[in-house]
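Asker: Please find one structure pasted underneath; my questions will follow.
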Amino acid sequence: MAKQLWNKGFEPDKMIECFTVGKDRELDLRLARYDVQGSIAHIKMLESIGLLTKEELETLLPALDEIAESIERGEFTIEDGVEDVHSQVEFLLTAKLGDVGKKIHSGRSRNDQVLVDLKLFFRDELKRISRSVASLFNRLQQLSEEHRDKLMPGYTHLQVAMPSSFGLWFGAYAESLTDDMQMVVAAYNIANQNPLGSAAGYGSSFPLDREMTTRLLGFANPHYNVVAAQMSRGKTERAVASAIAAVASTLGHLAMDVCMWMCNNFGFVKFPDELTTGSSIMPHKKNPDVFEIMRGKCNRLQSLPNELTILTANLPLGYNRDLQLMKDIVFPATTELIECLDMADFMLSHITIKEDILEDTRYDYIFTVEDVNRLVLQGVPFRDAYKQVGLSVQDGSYSPTREVHHTHLGSIGNPANPQIAAKMHSLLKLME
Ligand code: ARG
């Protein structure tokens, strides 16, 4: 006999069950601990409003703790025939405790149950992402300081343009991550609101104490309006996906730079042989496969908001089963992003920088603006100085002085790493 919470005595078609349950038995395992956490808060609240006795609560709590422990030990599974994690937890309780187990679902629906699980899950995943972002950020800042004075070419239109530095390059990605952290914090704040009590999406005639479950689960506030709470399924995922996409876009860009700087025509950065990959035919190859895979994964992660938008566009108000499919899009993504961030951190801990790149005469013209500025400081109007240097480039007489004087805030001589660190730290604080 199939075990549906909603089973009313007829056996649902096997194919229908398979199709509708989809990957839930596997994906919901990641929600299991949060499902128990949500149930604990819910039954404490039910007791406080008289829908469970003290004794019933005291029977239920240890049984839920036991399930929580089995989840932490990795022993919890969702049995065949059971639809999802919410059903599994309730079945386990009923099998163990009989009628008391059947009481926990008063004033609740799987719609607000899955919502509360997801919110708790996303809060934790976003914290995990922020920790990995913070590690990579620290690495980039440290590299920026370490290689602060090592110059490299700056490009526009992929043409040699002006002097840049490894200090600026590493530091730029660190600061760019602070912008992404704004998105992570925003997604966290959207997730950090309690949907429990919205039940099927329209509340309950029981006098549910939603402030109490909000407190117990550590949410910033309830998602007050029950309909808005249900609408947050999809909205929360899209916010999380936008945060993931933001970080992925920075990381993918960094991966592209590394691939390019590793290219033999540039040769600006190197990694130990054991961190590169080889070719089956060309014996000399040391390929940047790590950064190529990272670039590909990050590009794919950037399609997430689009995928979710299309999946959820114009759904009717209220719960719709389509929403279940979002789990398969977002769940693997958080893990994939964290793996990419941690890999980037690891690889960068082994990076070697080429020194004195700008000594090479192929970069001579990189100093033209420096030389124009020098003339300006001697009193020549900028447009005349520009023309003078331009003509010397044209007739082949230009010879660079190779001196770089960038001192203003955020430039080669003053990359403002402490100020950038302060920005990041104040954002990280918001997620503590
Ligand atoms: N697996 C379902 C989901 O993720 C749980 C909620 C089911 N609710 C329902 N009304 N069928 O959406």
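Asker: From the list 326, 294, pick out the single residue that is in contact with a Cys (Cβ under 9 Å, 6 or more places away or on another chain) and in contact (Cβ under 8 Å) with a residue 12 or more places away in the chain.
Answerer: Numbers: 326 fails: in contact with a Cys (Cβ under 9 Å, 6 or more places away or on another chain).
It is 294.
Asker: Within the set of pairs 6+ apart or on separate chains, which have a first residue in the range 81-93 that is free of Cβ contacts under 8 Å to residues at least 24 places away in the same chain, a second that is among the basic types (Lys, Arg) and surrounded by fewer than 22 Cβ atoms within 10 Å (Cβ to Cβ), and C-beta atoms under 7 Å apart?
Answerer: Once the first residue is free of Cβ contacts under 8 Å to residues at least 24 places away in the same chain and sits in the range 81-93, no partner that is among the basic types (Lys, Arg) and surrounded by fewer than 22 Cβ atoms within 10 Å (Cβ to Cβ) comes close enough.
Asker: Being surrounded by 11 or more Cβ atoms within 10 Å (Cβ to Cβ), within 16 Å of the ligand (Cβ to nearest atom) and in a helix (DSSP H, G or I), is that true of even one residue in the range 332-351?
Answerer: yes
Asker: Still on this structure: Answer yes if at least one residue in the range 101-117 is among the basic types (Lys, Arg), assigned to a helix (DSSP H, G or I) and away from the ligand (no atom under 16 Å from the Cβ), and no otherwise. So that I can check it myself, show each step before the final result.
Answerer: Pass one, the range 101-117, residues among the basic types (Lys, Arg): 102-103, 108, 110.
Checking which are assigned to a helix (DSSP H, G or I) leaves us with 102-103, 110.
Applying the additional criterion that residues be away from the ligand (no atom under 16 Å from the Cβ) yields 102-103.
Looking for residues that are among the basic types (Lys, Arg), assigned to a helix (DSSP H, G or I) and away from the ligand (no atom under 16 Å from the Cβ), one finds at least one in the range 101-117, hence yes.
Asker: Go through the range 74-91 and count every residue that is away from the ligand (no atom under 16 Å from the Cβ) and either closer than 19 Å to residue 118 by Cβ or assigned to a helix (DSSP H, G or I) (or both).
Answerer: 1
Asker: Given the criteria within 16 Å of the ligand (Cβ to nearest atom) and of a type in the set (A, V, I, L, M), does residue 186 qualify?
Answerer: In short, no.
Asker: A further question follows. Can we say residue 272 is more than 30 Å from residue 51 (Cβ to Cβ) and touching a His at 6+ places or on another chain (Cβ under 7 Å)? Please lay out each step first, then the result.
Answerer: Numbers: more than 30 Å from residue 51 (Cβ to Cβ): yes; touching a His at 6+ places or on another chain (Cβ under 7 Å): yes.
Yes: the conditions hold for residue 272.
Asker: While we're here: Taking into account only those residues within the range 14-40 that are of a type in the set (A, V, I, L, M), more than 10 Å from the ligand (Cβ to nearest atom) and modelled with pLDDT under 95, which is farthest from residue 123 (Cα to Cα)?
Answerer: 15
Asker: Another question about this same structure. Can you tell me which residue among 206, 219, 170 is crowded, with 21+ Cβ neighbours inside 10 Å, away from the ligand (no atom under 16 Å from the Cβ) and farther than 26 Å from residue 251 by Cα?
Answerer: Answer to the check: 219.
Asker: Can I ask one more? Between 43, 71, which is part of a helix (DSSP H, G or I), buried (at least 22 other Cβ atoms within 10 Å of the Cβ), more than 15 Å from the ligand (Cβ to nearest atom) and of a type in the set (A, V, I, L, M)?
Answerer: 43
Asker: Just to check your reading of the model, which residue among 325, 308, 317 is of a type outside the set (S, T, N, Q), on the phi < 0 side of the Ramachandran plot, within 16 Å of the ligand (Cβ to nearest atom) and in a loop (DSSP other than H, G, I, E, B)?
Answerer: One residue alone meets the criteria, 317.
Asker: Let me ask you something else. Within 16 Å of the ligand (Cβ to nearest atom), assigned to a helix (DSSP H, G or I) and buried (at least 16 other Cβ atoms within 10 Å of the Cβ): which single residue out of 120, 64, 57 fits that description?
Answerer: Working: 64 fails: within 16 Å of the ligand (Cβ to nearest atom); 57 fails: within 16 Å of the ligand (Cβ to nearest atom).
It is 120.
The values are calculated or read from the model by the stated rules, or taken from the named source; none is laboratory data. Keep in mind the model is a prediction, meaning the values are calculated, not measured. Using ideal geometry, Cβ is built from the backbone for each residue, glycine included, and neighbour counts are taken over all protein chains shown.
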